[in-house]
Amino acid sequence: MKSAFARILAFLRIKRNRMLFFRLDLDPRLHAGRPAVEGLAIEQVSEAGAENLRDFEDSWLTRAQMIERIRQGQDLFIVRCGGEKANYRWVLYRRFFVAGLDRWFELPTGCAYLSGVYTRPAYRRRGIARFSYAHVFDHLLGRGVRTVFLNVDTTNEPSLRNVRKLGFQEYQRGELIRLGFIRIYRIVNTAGTHCLIRISRRPDARLNRLCFTDGLATEDVPC
């Protein structure tokens, strides 16, 4: 049952997203190596390979958008089970868009952001996501990446359980309340609660620090 606050947001057509932030520091002793599982195979999709794909499984990326991402240096991995596509995931570097926060972010060298993780319903609960993570971690170590970030919607219990089992550590919570072109961000971590109001979607140094580094902007306004 919706809370009174949620009903008010819906009446005013205000959009609200709440996410948990996770990070994992890759350790070659734990995350190197690619396990072999009978019937499963993983591939990194090339630009030419993307030409043969339909739109992304949950429809948030078209084929043309996938090709453009790959041209920009982002990585798309697909796990096949018995030859059929079962799991997808993106690995993003440098500059990337977080849909749940409706804005662009930037990461320094040596970091990556996992996005668009999707397992087709018929292949869930088979350990395919864990198989995919293991291969991606090994790939990232080979690229010199040592810290991996991801965000999970607070209502996505299966994904939350999965990333915690893999060793990802929750380090803060974030909330976006959007009213037209106005975006209100509320970030909660061990240093306190911070609110920022933004209009542009461009990367923002203060939000980058709050969301993906340990340094906090001292001028942020407490809620």
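The values are calculated or read from the model by the stated rules, or taken from the named source; none is laboratory data. A quick note: this is a predicted structure, and the numbers were derived from the prediction, not measured. Neighbour counts are summed over all protein chains in view; Cβ atoms, including those assigned to glycine, are modelled from backbone coordinates with ideal geometry.
Take the conditions surrounded by fewer than 19 Cβ atoms within 10 Å (Cβ to Cβ) and more than 22 Å from residue 210 (Cβ to Cβ) and apply them to residue 135. Does it pass?
On the way: surrounded by fewer than 19 Cβ atoms within 10 Å (Cβ to Cβ): no; more than 22 Å from residue 210 (Cβ to Cβ): yes.
So residue 135 does not fit the description; no.
Of the residues 69, 29, only one is at pLDDT below 90, exposed (fewer than 12 other Cβ atoms within 10 Å of the Cβ), within 18 Å of residue 136 (Cβ to Cβ) and not small (Gly, Ala, Ser); which? Quick ask: steps written out before the conclusion?
On the way: 69 fails: exposed (fewer than 12 other Cβ atoms within 10 Å of the Cβ).
Just one listed residue meets the conditions, 29.
Can you find a residue in the stretch 168-191 that is closer than 22 Å to residue 76 by Cα and in contact (Cβ under 8 Å) with a residue 40 or more places away in the chain? Looking for residues that are closer than 22 Å to residue 76 by Cα and in contact (Cβ under 8 Å) with a residue 40 or more places away in the chain, one finds at least one in the stretch 168-191, hence yes. Pairs linking a residue in the stretch 147-165 that is at pLDDT below 90 to a residue that is not small (Gly, Ala, Ser), with Cβ atoms under 7 Å and 6 or more positions apart or on different chains, are 159/152. Within the stretch 39-65, the set of residues being in contact with a strand residue (DSSP E or B) (Cβ under 7 Å, 6 or more places away or on another chain) and either surrounded by fewer than 14 Cβ atoms within 10 Å (Cβ to Cβ) or modelled with pLDDT of 85 or more (or both) comprises 39, 40, 41, 42, 43, 44, 45, 58.
In the stretch 204-213, the count of residues that are assigned to a loop (DSSP other than H, G, I, E, B) and within 22 Å of residue 94 (Cβ to Cβ) is one or more.
In the stretch 118-132, the residue that is surrounded by the fewest Cβ atoms within 10 Å (Cβ to Cβ) out of those that are over 28 Å from residue 208 (Cα atoms) and in contact (Cβ under 8 Å) with a residue 60 or more places away in the chain is 127. When the stretch 160-177 is filtered for residues that are surrounded by 17 or more Cβ atoms within 10 Å (Cβ to Cβ) and in a helix (DSSP H, G or I), the ones remaining, listed by number, are 160, 162, 163.
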